[in-house]
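The structure appears below as C-alpha cells.
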Amino acid sequence: MKKVAVIVGSKSDKEQIEKGLHILDKFGVQYEFKVISAHRDPEGLHEFVSGLSPDTHAAVIAGAGMAAALPGVVASQTLLPVIGVPMKGGALNGVDALYSIVQMPKGVPVGCVAIGASGAVNAALLALRIMALTDEEVREKLWQYRQSLKEGK
C-alpha cells in the first residue's frame, strides 16, 4: 500500500493537521509527517519532495497558514497530487492562506480543502479517494466509512 506525505510549514500547524492524521491511522494508511517551511528551509523542502515517488506515495497533503506558499512550492516540484490545507491563524484566521492556495497559477494545480482541522480531515479523505482508484482495500474501507456516516456513527 502506498503512503501519504503530510507536510506542514510550522510546528504550530500540527494540532490542526492531526485530525487528518487520525483519519489516515483509522484507515491503516502509512504516512510521513514533516514540518518543513517553504520560506525558512527551501533546500530541506526540495530534498524531501524530490525523494517522493509515485511508486511509494499516492498524494501529498500540505498545510500552511498566512502566505501559504508550501502547497504551491510542493506542487511545483512533484507530479504527485497535492492537497493544500489552509491553516487557521494570523490576522485573517486562515482566509489569507485559503486565497493563496486556491489562486495557484495555471499549470501548477493544488487541490484545496476547508480551513483548519475540518480541511485536514477532508484532505486525508481526498488522499484516500486517490488511493482507492488503485487499492481495493482502501476503496472498501471508504465505503464502510461512508456507511458509518450515513448511520450517524
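Note on residue 76 and residue 140: the extension gain reaches 19.8 nm, defined as 0.36 nm multiplied by sequence separation minus the Cα-Cα distance. Amide H contacts for residue 94 (H built 1.01 Å from N in the peptide plane; partners 5 or more residues away or on another chain; cut-off under 5 Å): 66, 89.
Lysines near residue 150 by alpha-carbon distance under 22 Å, same-chain residues fewer than 8 away left out - which ones? Leaving aside lysines fewer than 8 places away in the same chain, those within reach of residue 150 are 19, 26, 141. Taking Cα atoms only, the orientation of helix 136-150 departs from the longest principal axis of the chain by about 90 degrees. The string of couplings for the stretch 36-53 from the Karplus curve (6.51, -1.76, 1.60, θ = phi - 60°) is 9, 8, 5, 8, 8, 9, x, 5, x, 5, 4, 4, 5, 5, 5, x, 7, 10 Hz, one whole number per residue in order, with x for Gly and Pro. Taking label positions 7 Å along the Cα-Cβ direction at both residue 40 and residue 11, the computed distance is 0.8 nm, reported to one decimal.
Only one item in (1) 45, 35, 35; (2) 41, 34, 29; (3) 133, 24, 14 matches Cα extents along the principal axes in Å derived from the coordinates shown, and that item is (2). Karplus-based coupling profile of the stretch 78-94, in residue order and whole Hz: 8, 9, 5, x, 10, 10, x, 10, x, 8, 5, x, x, 4, 9, 6, x, with θ = phi - 60° in 6.51 cos²θ - 1.76 cosθ + 1.60 and x standing for Gly or Pro. Peptides 57-66, 106-115 ranked from most to least packed, by the mean per-residue count of other Cβ atoms within 10 Å: 57-66, 106-115. Model label sites at residue 102 and residue 1, defined 7 Å from Cα along the beta-carbon direction, differ in position by 3.2 nm. If each of residue 26 and residue 150 carries a label point 7 Å out from its Cα toward its Cβ, how far apart are those two points in nm? Calculated label separation equals 1.7 nm. Per-residue extension of 0.36 nm, minus the Cα-Cα distance of residue 53 and residue 95, leaves a gain of 12.0 nm for this segment. Amide H to amide H, with H built 1.01 Å from N, residue 57 comes under 5 Å of 3, counting only residues 5 or more places away or on other chains. What separates the Cα centres of the stretch 15-34 and the stretch 90-119 is a distance of 20 Å. Phi angles of the stretch 115-130 translate, via the Karplus equation with coefficients 6.51, -1.76, 1.60 and θ = phi - 60°, into HN-Hα couplings of 6, x, 4, 4, x, 5, 5, 5, 5, 5, 5, 5, 4, 5, 5, 4 Hz per residue; Gly and Pro are given as x. Put a plus charge on the Cβ of each Lys and Arg, a minus charge on the Cβ of each Asp and Glu, and nothing anywhere else: the dipole of the stretch 33-153 about its Cα centre is then about 420 debye.
Computed from the coordinates by the stated procedures, all read-outs in this text should not be read as laboratory data. Here the structure is a predicted model, which means the values were calculated and not measured. Virtual Cβ from ideal backbone geometry, glycine too; neighbours counted across all protein chains shown.
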